[in-house]
1. So for the stretch 209-224 (the condition being under 25 Å from D131 (Cα atoms), of a type outside the set (F, W, Y) and over 23 Å from the mean Cα position of the chain (by Cα)), does at least one residue qualify?
2. Quick check on my filter: what residues within the stretch 251-265 are open to solvent by less than 20 Å² (accessible area, probe 1.4 Å) and assigned to a loop (DSSP other than H, G, I, E, B)?
3. Filter the stretch 1-51 down to residues that are touching a helix residue (DSSP H, G or I) at 6+ places or on another chain (Cβ under 6 Å) and under 16 Å from V132 (Cα atoms) and give me whichever is least open to solvent (accessible area, probe 1.4 Å).
4. Pick from E115, E189: which is surrounded by fewer than 18 Cβ atoms within 10 Å (Cβ to Cβ) and closer than 23 Å to G25 by Cβ?
5. Residues that are within 16 Å of the chain's Cα centre (by Cα) and either open to solvent by 70 Å² or more (accessible area, probe 1.4 Å) or closer than 25 Å to G270 by Cα (or both): does the stretch 74-82 have at least one?
6. Could you tell me whether G224 is within 29 Å of G137 (Cβ to Cβ), at pLDDT below 95 and among the small types (G, A, S)?
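The values are calculated or read from the model by the stated rules, or taken from the named source; none is laboratory data. Computed from a predicted model, the values in this text were never measured in an experiment. Ideal geometry is used to build each Cβ from the backbone, glycine not excepted, and the neighbour counts take in all protein chains shown. Heads up: the accessible areas ignore ligands, DNA and RNA and are worked out on the full protein's heavy atoms, side chains in. Shrake-Rupley method; radii C 1.70, N 1.55, O 1.52, S 1.80 Å.
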Amino acid sequence: MKDAAHLESMGIQVDESAIQYSREGIAAHAKNLAKRVKGNLENSLTALGCEVIEGRGILTENPQEVKDELTGKVYKCKDIILAPGSVPFVPPGVVADEKTVYTSDGALELQFVPEWVAIIGSGYIGLEFSDVYTALGAEVTFIEAMDDLMPTFDREIAKQAERLLIRDRPIDYRTGVFAAEVTPGIPGEKPVTIKMIDAKTKEHVETIEVDAAMVATGRVPNTGNMGLEARGIETNRGFVNVNEKMQVLSSHDENAQLIPNLYCIGDANGKMMLAHAASAHGISAIENI
């Protein structure tokens, strides 16, 4: 009974005749998990004497200042650490309504389980979600611009992933093609339309209609509109350049200048877009303040 209750809290229902899942229960579990992690982090900060202010901070023209974008209130401080993270990248031609065409953010909502879902991109994000969707009974089609699935993976790891997560599941794929145009649909009424072109010749190859499409083409730094230009900071594709101490540099040029009392950690500096790397960046920044 205890195990059954634990499974039900994750959206899985078990009785004598069958094992079933609740779409709403799975979505609620994912949301509650994220909420719990956020709450625990906030409680830890509060316990350490940190003041947590809800809002969106942006830099001003003056050093050692952060302004609340909504209220306009300016906070003065000794040092500033930029940790805005990243957001899903949506390629040109793709319309993401977060209902039938969605990024990983929208996919976590699990508004419905499509019978057939196309996943654009076959990196770790796409692969993880294909595991979820096939477990819930969906058919998956990967659309990959490179000639092979999982192009950034070590080839031995890719082989193992293909054997364990793709080969015996209802998954097919198109490689060497771009999803040039993706038009949202209406669940149960109108399909999502995906027009594919050859990655090299750019000629039309195929158009398919699916129940949903997930955009898993990577992530980009969430550094737009946060006042970097006001401080004379130039980014490269949104990434902020830092030195080994996580101190912000004015540009990615060889002659870049150090911006005093300003640090940048995590996905925004592009060193390594992984959670444990961001944690290490944070430790480095604090130890150098």
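1. Yes; the residues of the stretch 209-224 include at least one that is under 25 Å from D131 (Cα atoms), of a type outside the set (F, W, Y) and over 23 Å from the mean Cα position of the chain (by Cα).
2. Residue satisfying the conditions is S251 alone.
3. Of everything passing the filter in the stretch 1-51, G11 is least open to solvent (accessible area, probe 1.4 Å).
4. Of the residues listed, the single one that is surrounded by fewer than 18 Cβ atoms within 10 Å (Cβ to Cβ) and closer than 23 Å to G25 by Cβ is E115.
5. No - not one qualifying residue is present in the stretch 74-82.
6. When the stated conditions are applied, G224 does not pass them.
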